[in-house]
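Written out below as structure tokens is the structure these notes cover.
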Amino acid sequence: MKKGFMKYSILWLVALAVFNAITFLVPNELEAPSFWIAYTFITIAFFAQLFCTALVFKKDLLTKKFCNIPLTATSVITLVLLVVAASICMAISLTAWISIVICYVIVIVQYIANIVSLVNYDDKGASAKGFIAVLKTKTEAISQKATNDEIKALTGEVCEAVRSADTFSDAALAGVEDKILKKCEEFEASVSSGDIENAKAQTKQLLTFIKERNAKCRILK
């Protein structure tokens with residue numbers, strides 16, 4: 001699991017602790033079955049919310065948005081709303097089923113946001129395949145333009161580096177990925193023109209950028 005989710009888990013634990021503190025420090029009818037029914041189902045709602053957020057990290061949807069709000073922010077907002085709503089419901093001893101419905105509606109909205117973002121993510125064509133998949137297609141197309149054995153060897157080296165590159169995706173990789181794409185265009189131009197010396201220089205820089213991206217991937221995981 002990513003480091004980002006570990007940090008979120010700490011925030012989630014704090015939220016759960018706040019909910020429990022308010023629930024048991026504020027005078028309540030602890031003997032009433034309705035109190036424990038509400039408390040149990042609301043606690044389950046907290047775990048459902050954590051699971052929903054875990055799916056965001058697992059599916060690499062961190063860069064995706066719902067209503068122009070990043071899913072990471074949506075997760076935090078949902079958690080805040082949940083702890084506030086749950087705490088108020090328990091503090092004022094609101095009817096158990098009403099408290100449960102309020103909390104579960106909040107969590108369900110987050111699930112809907114994730115589903116909508118995932119559908120949009122899958123519908124984005126080439127970009128949905130991942131950066132490396134797109135880059136692989138691009139570099140293989142460039143290799144077909146090689147006019148001599150020396151340039152073919154260079155394109156083969158680049159293609160091999162792309163094939164073995166880390167397929168991990170994260171918004172933090174945008175900078176180095178942009179550099180790779182720009183350099184790829186320059187590499188394509190040198191291959192098409194048969195400029196061996198320029199192709200060598202572009203190959204060296206491309207391989208450096210790909211290694212840089214792989215290193216960042218290892219750090220972000």
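Residues that are open to solvent by 80 Å² or more (accessible area, probe 1.4 Å), over 22 Å from the mean Cα position of the chain (by Cα) and either touching a residue at least 24 places away in the same chain (Cβ under 8 Å) or at positive phi (or both) are absent from the stretch 179-199. When every residue of the stretch 162-177 is checked against the conditions, at least one turns out to be crowded, with 17+ Cβ neighbours inside 10 Å and over 25 Å from Val56 (Cβ atoms).
Residue check: is Ser143 at pLDDT 80 or above, among the polar types (S, T, N, Q), within 30 Å of Thr203 (Cβ to Cβ) and open to solvent by 20 Å² or more (accessible area, probe 1.4 Å)? Answer is yes for this residue.
For the stretch 155-170, the condition of being modelled with pLDDT under 90 and assigned to a helix (DSSP H, G or I) holds for none of the residues. Report yes if some residue within the stretch 140-150 is closer than 25 Å to Pro70 by Cβ and assigned to a loop (DSSP other than H, G, I, E, B); otherwise report no. For the stretch 140-150, residues closer than 25 Å to Pro70 by Cβ and assigned to a loop (DSSP other than H, G, I, E, B): absent.
Restricting attention to the stretch 206-221, the residues that are charged (D, E, K, R) and either open to solvent by less than 80 Å² (accessible area, probe 1.4 Å) or outside any helix (DSSP H, G or I) (or both) add up to 4.
Taking the criterion of being buried (at least 19 other Cβ atoms within 10 Å of the Cβ), at pLDDT below 90 and over 21 Å from Trp12 (Cβ atoms), would at least one residue in the stretch 82-101 satisfy it? Within the stretch 82-101, one or more residues are buried (at least 19 other Cβ atoms within 10 Å of the Cβ), at pLDDT below 90 and over 21 Å from Trp12 (Cβ atoms).
Among the residues of the stretch 1-46, those identified as modelled with pLDDT under 85, closer than 21 Å to Ile100 by Cβ and open to solvent by less than 80 Å² (accessible area, probe 1.4 Å) are Val26, Asn28, Leu30, Ala32.
Given the condition part of a helix (DSSP H, G or I), touching a strand residue (DSSP E or B) at 6+ places or on another chain (Cβ under 9 Å), open to solvent by 70 Å² or more (accessible area, probe 1.4 Å) and modelled with pLDDT under 75, answer yes or no: does some residue in the stretch 107-124 qualify? Yes; the residues of the stretch 107-124 include at least one that is part of a helix (DSSP H, G or I), touching a strand residue (DSSP E or B) at 6+ places or on another chain (Cβ under 9 Å), open to solvent by 70 Å² or more (accessible area, probe 1.4 Å) and modelled with pLDDT under 75. Taking the criterion of being aliphatic (A, V, I, L, M) and either outside any helix (DSSP H, G or I) or within 25 Å of Ala172 (Cβ to Cβ) (or both), the residues of the stretch 15-59 that qualify are Val26, Leu30, Ala32, Leu50, Ala54, Leu55, Val56.
The values are calculated or read from the model by the stated rules, or taken from the named source; none is laboratory data. This one's a predicted model, so the numbers in the text were calculated from it and none came from an experiment. Reconstructed Cβ throughout: ideal geometry from the backbone, glycine too, with neighbour counts over all protein chains shown. The accessibility values were calculated without ligands, DNA or RNA, using every heavy atom of the protein model including side chains. Shrake-Rupley method; radii C 1.70, N 1.55, O 1.52, S 1.80 Å.
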